[in-house]
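Input: a single structure, listed below in structure tokens.
The values are calculated or read from the model by the stated rules, or taken from the named source; none is laboratory data. Please read all numbers here as calculations on a predicted model, not as lab measurements. Areas reflect the complete protein model, heavy atoms only, side chains present, ligands, DNA and RNA absent. Shrake-Rupley method; radii C 1.70, N 1.55, O 1.52, S 1.80 Å.
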Amino acid sequence: MPKKVGTDTFRAQVLEAQRPVVAEFYADGCVPCRRLAPILSALEEEYAGTVDFVKINTGANEALTQTYGILASPTLILFRDGAEQARLRGAVKKPELIKWIGEQTL
């Protein structure tokens, strides 16, 4: 299961990460977020050692939510070398996520 990250650990876990990071901005009670959770957990295992996965609760981390202009949950942002590389919104299927990650990490 992806590690939960907050405002206090975001810099170290995401911006200063040595590998690309897929950050899921989610909300409690968000049905699409719950549907996406097992997919992200499976991808975390498949990409172990090459891509990191984290979760950011939008309600508990309003500063990050505002900084990154999160308007809907779930929103996935792929960070690389401390910068946003790509963004997806909504519950997406595993094949689409695999393709998206591959396009950003080549």
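Counting only heavy atoms of the protein chains and using a 1.4 Å probe, Val22 has close to 0 Å² of accessible surface. Computed with a 1.4 Å probe on the full set of protein chains, the accessible area for Arg89 sits at about 150 Å². Within the assembled protein chains, the solvent-accessible surface assigned to Asp52 is about 40 Å², based on a 1.4 Å probe. Per residue of the chain, the DSSP helices (runs of n ≥ 4 H) give a summed -39500 (n - 2.57) that works out to -10000 deg cm²/dmol at 222 nm. DSSP beta bridges fully contained in segment 24-87 are about 65 percent antiparallel. The orientation-averaged shadow of the Cα convex hull for segment 44-106, equal to a quarter of the hull surface, comes to 4.7 nm².
P(r) tail, the chain: Cα-Cα pairs separated by more than 19 Å, 35% of all pairs. Ordered by solvent-accessible area of protein heavy atoms (1.4 Å probe), largest first, the residues Tyr26, Tyr68 come out as Tyr68, Tyr26.
Taking all Cα pairs closer than 8 Å and separated by 6 or more residues, the relative contact order of the chain comes to 36 percent. Shown are Lys3, Lys94, whose ranking by accessible area with a 1.4 Å probe and every protein chain present, most to least, is Lys3, Lys94.
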